[in-house]
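Trainee: Questions regarding the structure given below will be posed in turn.
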Amino acid sequence: MAQTRARLTDTELAALARYGFDLVADEPAVPPAAELEDAEGVLVATRDDAGLTVREIPRWRSPSAVRAELAQRGWSAPRAWVGAPPADGTELPGQLLVLLPAAGTSPDSAALSLGAAAWAGWAEGRELVVIPVPLTATAPEAGWAEVAAAYGAELLGSRTDPAPLRTGGRVVMFTGLSGAGKSTIAGRLVELLLEAGRTVTLLDGDEVRTHLSAGLGFSQADRDTNVRRIGWVAAQIAKHGGLAVCAPIAPYAATRADARRLVEEQAGPGSFVLVHVATPLAECEARDRKGLYAKARRGEIAAFTGISDPYEEPTDAELTIDTRDLSPEESARQVLAHLIGG
């Protein structure tokens with residue numbers, strides 16, 4: 001095998017859970033590694049000549065565990081409902097198992113917390129057990145009746161929303177050359193958000209390099225790792241409905257796409273906002289107070305973005321800002337207007 005260990009996305013983890021819970025028969029499409037781990041590094045499956053063996057998957061509750069809980073509660077004939085509460089006055093029993101489709105997100109996502117909260121008004125006078133299940137809402141990988149039976153219940157009905165799950169969290173990633181003005185604009189944006197009463201996390205480039213990415217250099221592989229780590233942390237913030245702002249150079253299109261995927265898998269479509277600070281190279285050099293560009297021109301700094309290493313300009317940025325035309329204040333307010341409008 002080319003890999004010995006691989007980390008799964010939430011989508012892959014949900015596919016693994018479906019397989020491990022015997023909800024589907026086909027082995028999931030996961031990396032061809034001997035050991036598979038979740039986003040937190042917990043070993044969840046192994047592969048050898050005999051095939052794929054699924055271990056316990058943290059946070060996902062297996063059908064057998066749910067059946068045991070319902071039996072312990074004394075439920076003699078459990079009934080199940082899938083998705084959101086009924087909107088047509090359907091009569092619900094006093095004991096109800098609620099199955100929330102959760103494929104593509106994690107069981108601790110804020111989107112699922114919101115889905116569970118929708119049932120709060122139905123809890124008075126009845127027992128509710130709400131369980132996230134690793135299936136897609138509108139195109140489930142297994143029939144709902146069979147799924148309900150696997151969890152020990154008879155299917156009563158379902159109401160699934162065709163819209164993708166969204167947590168309300170957002171990530172703003174600034175990208176651009178060194179000296180383009182990314183950090184200045186990002187810092188002012190954070191101030192404006194705080195003034196508006198929003199809670200926001202700034203993933204400062206220097207702080208990330210000092211702590212999260214300590215030990216990494218500036219090779220393409222190390223830069224990719226740095227941006228992916230930023231994307232992963234930002235995704236965890238957005239997953240729980242938070243707002244993260246980050247401003248790495250992020251010179252490579254494929255790595256920026258990876259960060260977008262990480263965030264949108266956790267927080268839903270549209271949760272990732274890429275801002276290209278498109279200040280031209282000549283202007284960035286003219287502003288070079290640290291003399292980095294001059295050192296790079298003399299060959300004293302290897303693989304310097306824009307000089308001896310490429311910067312792949314985004315074609316998928318939600319916003320493009322040229323700081324020759326806008327002040328940091330105007331730039332930050334333009335991004336804020338996009339966030340409010342979006």
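The values are calculated or read from the model by the stated rules, or taken from the named source; none is laboratory data. Computed from a predicted structure; not experimentally measured. Cβ coordinates were reconstructed from backbone atoms using ideal geometry, including for glycine residues, and neighbour counts include every protein chain displayed. Each accessible area value is taken on the protein alone, full model and side chains, heavy atoms only, with ligands, DNA and RNA left out. Shrake-Rupley method; radii C 1.70, N 1.55, O 1.52, S 1.80 Å.
Trainee: So what is the accessible area of the chain per residue, in Å², with the probe set to 1.4 Å?
Mentor: 47 Å²
Trainee: Could I ask something else about it? Residues of the range 257-275 with backbone nitrogen within less than 18 Å of a virtual label 7 Å along the Cα-to-Cβ line of Thr199, please, listed as ranges.
Mentor: 267
Trainee: In a solvent-free Debye calculation with one equal scatterer on each Cα, what is log10 I(q)/I(0) for the range 63-159 at q = 0.18, 0.20 Å⁻¹, listed in the order of the q values?
Mentor: One equal scatterer on each Cα of the range 63-159 leads to -0.80, -1.01.
Trainee: Using only the heavy atoms of the protein chains and a 1.4 Å probe, how would His276, His338, His240 rank by accessible area, largest first?
Mentor: Per-residue accessible area, sorted high to low, gives His240, His338, His276.
Trainee: Using helices alone, I'd like the mean residue ellipticity at 222 nm for the chain: each DSSP H run of four-plus residues gives -39500 (n - 2.57), total over residue count, nearest 500.
Mentor: Taken over the chain, the calculation gives -10000 deg cm²/dmol.
Trainee: I've got another one for you. Specify the angular offset, from 0 to 90 degrees and rounded to the nearest 10, of the alpha carbon long axis of helix 253-267 from the longest principal axis of the alpha carbons in the chain.
Mentor: Here the helix axis deviates by roughly 40 degrees.
Trainee: What order do you get for 311-318, 328-335 when each peptide is scored by the mean count of other beta carbon atoms within 10 Å, highest first?
Mentor: 328-335, 311-318
Trainee: Another question, then. Counting pairwise Cα distances across the range 183-342, what percent come out greater than 20 angstrom?
Mentor: For the range 183-342, the fraction of Cα-Cα distances above 20 Å is 53 percent.
Trainee: If eta is 0.890 mPa s and T is 25 °C, what Stokes-Einstein diffusion coefficient results for the chain, Kirkwood Rh from Cα pairs, in µm²/s?
Mentor: 109 µm²/s
Trainee: Taking the simple approach of a point 7 Å from Cα along Cα-to-Cβ for both Thr90 and Thr138, what is their distance in nm?
Mentor: Those two pseudo-labels are separated by 1.8 nm.
Trainee: Given a cut-off of under 8 Å on Cα pairs at least six residues apart, what relative contact order in percent is computed for the range 63-159?
Mentor: Relative CO of the range 63-159 lands at 42 percent.
Trainee: Additional query: Taking the range 5-54 as the region of interest, what is the percent of Cα-Cα pairs per 10 angstrom bin, listed from the shortest bin to the one with the maximum distance?
Mentor: 29, 61, 10
Trainee: With θ set to phi - 60° and the Karplus curve 6.51 cos²θ - 1.76 cosθ + 1.60, what are the ³J(HN,Hα) couplings of the range 287-295 in order, to the nearest whole Hz, using x for Gly and Pro?
Mentor: 8, 5, 5, 8, x, 5, 5, 4, 5
Trainee: On full extension of the chain, what length is gained from Ala282 through Glu154, given 0.36 nm per residue of separation minus the C-alpha to C-alpha distance?
Mentor: Result for the pair: 39.3 nm of gain on full extension.
Trainee: I would also like to ask the following. At R0 = 41 Å, how high is the FRET efficiency between Arg73 and Arg324 if r is their beta carbon distance? Nearest 0.05 is fine.
Mentor: It comes out at approximately 0.05.
Trainee: Counting pairs of alpha carbon atoms under 8 Å apart in space and at least six apart in sequence, what relative contact order in percent does the chain give?
Mentor: Answer for the chain is 16 percent.
Trainee: R0 = 41 Å: FRET efficiency of Ser308 with Leu114, Cβ-based, nearest 0.05?
Mentor: Efficiency at R0 = 41 Å is approximately 0.30.
Trainee: Here is a further query. In what order, largest first, do Glu124, Glu154 sit by accessible area if the probe radius is 1.4 Å?
Mentor: The residues order as Glu124, Glu154, largest area first.
Trainee: Something else about it: Roll a 1.4 angstrom probe over the protein heavy atoms and tell me the percent of accessible area of the range 36-188 that is carbon or sulfur.
Mentor: 50 percent
Trainee: Report, to the nearest whole %, how much of the accessible area of the range 191-342 belongs to carbon and sulfur atoms, 1.4 Å probe, protein only.
Mentor: Solvent-exposed carbon and sulfur of the range 191-342 make up 52 percent of the total.
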